[in-house]
Amino acid sequence: MKKNILKLMGVLFLLCGGFVFTACDDDEWGNDNAEKMNEFFFGFQNWGQLKNDVTFKVSQGSTLEIPVQFWCTGTRSFNAEAFYYVDSKLTLGTDYQIVDANGSALQPGANGAFVMTWDLKSPDTTNNHRVQNIYLKALNGAKGDVTVLTFDPKDVDDSGKIKISNTYTPNNITGQYEVHAFTQNYKVKVTIQ
């Protein structure tokens, strides 16, 4: 009996190992798929173990860096834009501000999103995932939470889940390229102390 269990465990181990090696094969977004060449992916660098539970804290008067990644293999003849949003009961411009790397205030566009431009013309030195920061500055106003999202907050239901059920969803679709955001890491919470 013990021998049969060991044999069964050995077979299961070999099967699992085979699945791991075949899962690493080129997927539909691999370098050899011309149809997917200009489809990119945007998300937070910290994953939160797929629960969207990454949190940050920032003190009054301080600026927080929130790292985000953009997945793109190689270079292109154009740059791409990705959108991010903020959602809070606190007041943008009074309690907190989204700023650039130099501390200059940024404003959301007509769609309520902040724009992040990704340099795709320069050689990629980051193993296919370029990294930038979103900067949130606490303005010595009220304390509370700010949620930063790669989706429009209107696309999130009352329980905080994305209304779209795919593993990735559109963030910015143009005639030249598509930027998708992952549902596993579409938001982070920032607590202003």
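For segment 77-193, the solvent-accessible area of protein heavy atoms averages 51 Å² per residue (probe radius 1.4 Å; ligands and nucleic acids excluded). When Ile162, Ile173, Ile98 are compared by accessible area of protein heavy atoms, the largest-first order is Ile173, Ile162, Ile98, using a 1.4 Å probe.
Solvent-accessible surface (1.4 Å probe) assigned to Ser77 amounts to roughly 100 Å². Thr73 sits with roughly 50 Å² accessible to a 1.4 Å probe, with DNA, RNA and ligands left out of the calculation.
Of Glu65, Glu178, the residue with the largest accessible area leads and the full order is Glu65, Glu178 (1.4 Å probe).
Give me the net charge for the shell around Lys143: Cβ to Cβ below 15 angstrom, other residues only, Lys and Arg +1, Asp and Glu -1. Here the charged neighbours net out to +2.
Of the cross-linked pairs Lys36/Lys57; Lys57/Lys89; Lys121/Lys154, which ones have a Cα-Cα span greater than 27 Å in the structure shown? Distance filter (> 27 Å) returns Lys36/Lys57; Lys121/Lys154. Per atom type, segment 42-193 shows carbon and sulfur on 44% of its accessible surface, probed at 1.4 Å. Placing dummy labels 7 Å off each Cα toward the beta-carbon, the span from Thr73 to Lys161 is 3.3 nm. Spin-label model, Asp100 to Asp152: label points 7 Å out along the Cα-to-beta-carbon direction sit 2.6 nm apart. Lys36 contributes an accessible area of around 40 Å² to the protein surface, as traced by a 1.4 Å probe with all chains present.
The values are calculated or read from the model by the stated rules, or taken from the named source; none is laboratory data. As the structure is a computational prediction, the values presented were derived from the model and not from experiment. Every residue, glycine among them, receives a Cβ derived from its backbone with ideal geometry; neighbour counts consider all protein chains shown. When the accessible area is computed, the model is the full protein with side chains, heavy atoms only, and any ligands, DNA or RNA have been set aside. Shrake-Rupley method; radii C 1.70, N 1.55, O 1.52, S 1.80 Å.
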